[in-house]
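Just below is one structure, and these are the notes that go with it.
The values are calculated or read from the model by the stated rules, or taken from the named source; none is laboratory data. Since we're looking at a predicted model, the values are computed, not measured. Please note: Cβ atoms are built from the backbone with ideal geometry, for glycine as well, and neighbour counts cover all protein chains shown.
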Amino acid sequence: MSFLRIHAQPGRTAVWTLSWFLFATGIILYFYVAQERHRENPDERVMPTIGQMVRGFSDAALKPAEEEEVQTTSGSSLLSRFRSSMLWKDTEASGRRFLISVALLFPAVLLGLHMAMFPVIGAFFLRFILFFDKIVALSLLPILFIAFGIDELSKIMLIVIGVAPTIILDTFNLSKSVPSEQIVKGFTLGASDFSIAYRIVFKQILPRVLNSIRLNLKAVMLFLFAGEMIASTDGLAYRIALLRRHMGMDTIIPYVLWVALLLFLVDFAMNTINHKLHPWFEAA
Amino acid sequence: MLAFLTNRFRINPKSLTLPCGRGPVMIALMIALMGSAPAATPSFTVGWSVYVGWNPYYYMAKSGILRKWADKYGINIRVQRFDYAPSLDAFVAKNIDACAMTNMEALDMPAAAGVDTTAVIVGDYSNGNDAVIVRQNLTLAQIPGKQVMLVEKTVSQYLFERAMAINGLGAQIRRVHYLNTSDSDIASAFLTNPDKPVVVTWKPLVSQILKAKDVKVVFNSSQIPGEILDLLVVRSEVLNRADGSGQKFAKAVTGAWYELLKLMSTAGPGADKVLAGIAEASQDSLASYKEQLSTTHMFYTPQAALDIASSPDLKKTMDLVRQFCFQHGLLGEKTKSVDDVAVQFPGGAVLGKPDRIRLRFSTTYMQLAAQGKL
């Protein structure tokens, strides 16, 4: 039974097979149950077949959005048809909110750094942010509506309020963990306050901070979806909420997979950039 | 995907017998999941969600009235509260046997998804519960070009578009910008955003919004009486079970329903006690529940419900509703013709293709109740 031990060394094929096993089981089980349900009810909607999902997805990705006047007809290229489709418009709307929110997380990093380096700033913010971090932003929606309306701003603020405290506190802890000897050494070599903060501490923690933002992308996405489901006129979650109303699972499942793919790509890109920028950084 | 599957399995192992009844593996799994085999008494589940016309289901179960009727027919009936959308999902996924829903959702959710559905009880119609509310004395004609907050593709949108059509503004509907807003937040979202001029929603949210200054109702469901019907629907296959238990279930629920409605409508302190018990279903006060009842046309007697269910108006209503559903794609992308999801009325008349009947209005059980034969 040595293959179950810590020192087991599965071969390439074994690793490949094992890692795809749950995917295959899930997919097979899904289509088995879907097929049985379709046999029993030809209009079955809860578990669409692969054909229906492909059709649902190609309709979403290639047909012009319904509000649009018919300008793109059969002649245009695949790309331009995609660019006038419902899927692209939704992705664009959600993507814009997503990117703005992630961009707004960077000031949070700087705040965390300054809180750790400058005791007065730390004293001013730390206790409040520790408290704020524990507030479940979603339950205070009516107050958010007063402050930020129900248009774009409130959706972005919901994300920022939900995720920024985590990032601030994480940056704070990472900055604190830089050995004080380094800071003392920096001062003896004549560094100023800001060169200590930015050129010694910040440089060291940056890869870990990027990693922490990367791990929080899922939270960003959750808040974004929550915001779009509450009130919106476009976006990926808006579409899913609408489709749910008539059990459009044939489009919802591909949408969910599309979102997963996009998230995976962003995650992958951030990871790659992080490694390129900081080749000395080894943590996963 | 996997989580979705296991979830399904756990919620109701019983339903597995339908899609995968043959496999011995599945049977083993089923037994493993269920622990021990249940007693032979057939059990049924009724799903309901908070709404003035459906809250009685809560009290029906709590007061023991339902128990009494279920015992009479030798079955078990469980009543379970859901949020509205999940209750529809559960019904379409066949996790529950009966569900309270409107005529519109009965058509565009289960019926359009191929789940043959029978409306057993016509409980009430919205007689002012649903309303179009505006700020600053706006008129319907001024709405095009402005933002309207509502839960898209629901009865709210139906009400709004009917309001426009009745007032000769049908052609303007496409200039209205809908802002899809979740019903759990729509009241606070409207009240805190003065730049949003119009909202369409239902009670008790309407009452809450009307407490604000400078808002008024420009259209409500009492102007389209009988079009937004609240039903109790049962899956037809449950009703047609060979052992007759499904029919017993329908009889028991109908019996319990009209017993409770009689208690509700008999004047006196007894009724107030019952109404307070029902109001508890939505954490409402007696006064607030009574206010909601005042804009709900309850069919307190089986005869009243029979009258509307067998009147020709029902056919006109359902035609409006199915055209609305079809135009808004609610019957599904695959449905190429409005006739593909056909509706059958008491007496046998059919709207749509006779071989594709998916929604049936049945008066059988209300009839039995009216004749006192339950």
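Mind listing just one residue for me: the one in the stretch B:99-115 that is touching a helix residue (DSSP H, G or I) at 6+ places or on another chain (Cβ under 7 Å) and more than 11 Å from chain A (Cβ to nearest Cβ) and, of those, farthest from residue B:156 (Cα to Cα)?
By that ranking, first place goes to B:99.
Can you go through B:261, B:232, B:286 and tell me which one is in contact with a Cys (Cβ under 8 Å, 6 or more places away or on another chain) and either of a type outside the set (Lys, Arg) or touching a residue at least 24 places away in the same chain (Cβ under 8 Å) (or both)?
Of the residues listed, the single one that is in contact with a Cys (Cβ under 8 Å, 6 or more places away or on another chain) and either of a type outside the set (Lys, Arg) or touching a residue at least 24 places away in the same chain (Cβ under 8 Å) (or both) is B:232.
For the structure I just gave you, tell me whether residue A:153 is under 21 Å from the mean Cα position of the chain (by Cα), part of a helix (DSSP H, G or I) and free of Cβ contacts under 8 Å to residues at least 12 places away in the same chain.
When the stated conditions are applied, residue A:153 passes them.
Can you pull out the residues in the stretch A:27-86 that are basic (Lys, Arg) and either modelled with pLDDT of 85 or more or farther than 20 Å from residue A:246 by Cβ (or both)?
Matches in the stretch A:27-86: A:37, A:39, A:55, A:81, A:83.
Does residue A:147 count as among the small types (Gly, Ala, Ser), surrounded by fewer than 19 Cβ atoms within 10 Å (Cβ to Cβ) and either modelled with pLDDT of 85 or more or in the same structural domain as residue A:33 (by TED's automatic domain parsing) (or both)?
yes
Of the residues B:322, B:356, which is free of Cβ contacts under 8 Å to residues at least 24 places away in the same chain, within 14 Å of another protein chain (Cβ to nearest Cβ), surrounded by 15 or more Cβ atoms within 10 Å (Cβ to Cβ) and of a type in the set (D, E, K, R)?
B:356
Please go through the stretch A:173-187 and pick out each residue that is part of a helix (DSSP H, G or I), touching a residue at least 24 places away in the same chain (Cβ under 8 Å) and of a type in the set (A, V, I, L, M, F, W, C).
Within the stretch A:173-187, just A:174 meets the criteria.
Please state which of the following conditions residue B:240 fails to meet, knowing it meets all the rest: (1) in contact with a Gly (Cβ under 9 Å, 6 or more places away or on another chain); (2) touching a residue at least 40 places away in the same chain (Cβ under 8 Å); (3) more than 17 Å from residue B:50 (Cβ to Cβ).
(2)
Name the residue that is nearest to residue B:85 (Cα to Cα), counting only residues in the stretch B:157-188 that are more than 14 Å from chain A (Cβ to nearest Cβ) and within 21 Å of the chain's Cα centre (by Cα).
B:159
Residue-by-condition table, conditions (1) closer than 23 Å to residue A:202 by Cα; (2) among the aliphatic types (A, V, I, L, M); (3) outside the structural domain of residue A:97 (by TED's automatic domain parsing):
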| position | (1), (2), (3) |
| --- | --- |
| A:116 | yes, yes, no |
| A:120 | yes, yes, no |
| A:123 | yes, yes, no |
| A:126 | yes, yes, no |
| A:143 | no, yes, no |
| A:154 | no, no, no |
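Which of (1) surrounded by fewer than 20 Cβ atoms within 10 Å (Cβ to Cβ); (2) part of a helix (DSSP H, G or I) is the odd one out, the single condition residue A:190 does not satisfy?
Condition (2) is where residue A:190 drops out.
State all residues of the stretch B:191-213 that are among the β-branched types (Val, Ile, Thr) and in a loop (DSSP other than H, G, I, E, B); if no residue qualifies, say none.
B:192
With respect to residue B:250, determine if the residue is of a type in the set (A, V, I, L, M, F, W, C) and within 22 Å of the chain's Cα centre (by Cα).
yes
From the residues in the stretch B:334-351 that are without any contact (Cβ under 8 Å) to a residue 60 or more places away in the chain and β-branched (Val, Ile, Thr), which one is farthest from residue A:52 (Cα to Cα)?
The qualifying residue farthest from residue A:52 (Cα to Cα) is B:350.
Which of the residues spanning the stretch A:5-37 are surrounded by 11 or more Cβ atoms within 10 Å (Cβ to Cβ) and among the β-branched types (Val, Ile, Thr)?
A:15, A:17, A:25, A:27, A:33, listed by residue number.
Looking at this structure, is residue B:336 within 29 Å of residue A:244 (Cβ to Cβ) and either within 14 Å of chain A (Cβ to nearest Cβ) or not aliphatic (A, V, I, L, M) (or both)?
Against the criterion (within 29 Å of residue A:244 (Cβ to Cβ) and either within 14 Å of chain A (Cβ to nearest Cβ) or not aliphatic (A, V, I, L, M) (or both)), residue B:336 qualifies.
Name the residues in the stretch B:316-374 that are touching a helix residue (DSSP H, G or I) at 6+ places or on another chain (Cβ under 7 Å), among the small types (Gly, Ala, Ser) and closer than 30 Å to residue A:57 by Cα, would you?
Once the filter is applied, which keeps residues that are touching a helix residue (DSSP H, G or I) at 6+ places or on another chain (Cβ under 7 Å), among the small types (Gly, Ala, Ser) and closer than 30 Å to residue A:57 by Cα, the stretch B:316-374 yields B:342, B:352.
Residue B:210 fails exactly one of the following numbered conditions: (1) within 14 Å of chain A (Cβ to nearest Cβ); (2) out of contact with any helix residue (DSSP H, G or I) (no Cβ under 8 Å at 6 or more places or on another chain); (3) among the hydrophobic types (A, V, I, L, M, F, W, C). What is the number of that condition?
Evaluating residue B:210 over (1) within 14 Å of chain A (Cβ to nearest Cβ); (2) out of contact with any helix residue (DSSP H, G or I) (no Cβ under 8 Å at 6 or more places or on another chain); (3) among the hydrophobic types (A, V, I, L, M, F, W, C) leaves (1) as the failure.
Of the residues B:305, B:276, B:342, which is surrounded by 21 or more Cβ atoms within 10 Å (Cβ to Cβ) and not β-branched (Val, Ile, Thr)?
B:305
Would you say residue B:239 is of a type in the set (A, V, I, L, M, F, W, C) and buried (at least 17 other Cβ atoms within 10 Å of the Cβ)?
Yes, satisfied.
With the condition being out of contact with any Cys (no Cβ under 6 Å at 6 or more places or on another chain), more than 14 Å from chain B (Cβ to nearest Cβ) and exposed (fewer than 15 other Cβ atoms within 10 Å of the Cβ), I'd like the helices (runs of 4 or more DSSP H) fully within the stretch A:206-284 carrying at least 2 qualifying residues.
In the stretch A:206-284, the matching helices (runs of 4 or more DSSP H) lie at A:217-230, A:249-277.
Out of the stretch B:191-206, which residues are more than 9 Å from every other protein chain (Cβ to nearest Cβ) and either of a type in the set (A, V, I, L, M, F, W, C) or without any contact (Cβ under 8 Å) to a residue 60 or more places away in the chain (or both)?
Listed by number, the residues that qualify are B:194, B:198, B:199, B:200, B:202, B:205, B:206.
Scan the stretch A:13-53 residue by residue and report those that are more than 7 Å from chain B (Cβ to nearest Cβ) and outside any helix (DSSP H, G or I).
Selection gives A:47, A:48, A:49.
Right, residue A:135: away from chain B (no Cβ under 14 Å), at pLDDT below 90 and not in a helix (DSSP H, G or I) or not?
yes
Across the stretch B:180-190, which residue is surrounded by the fewest Cβ atoms within 10 Å (Cβ to Cβ) among those that are in a helix (DSSP H, G or I) and in contact (Cβ under 8 Å) with a residue 12 or more places away in the chain?
B:187
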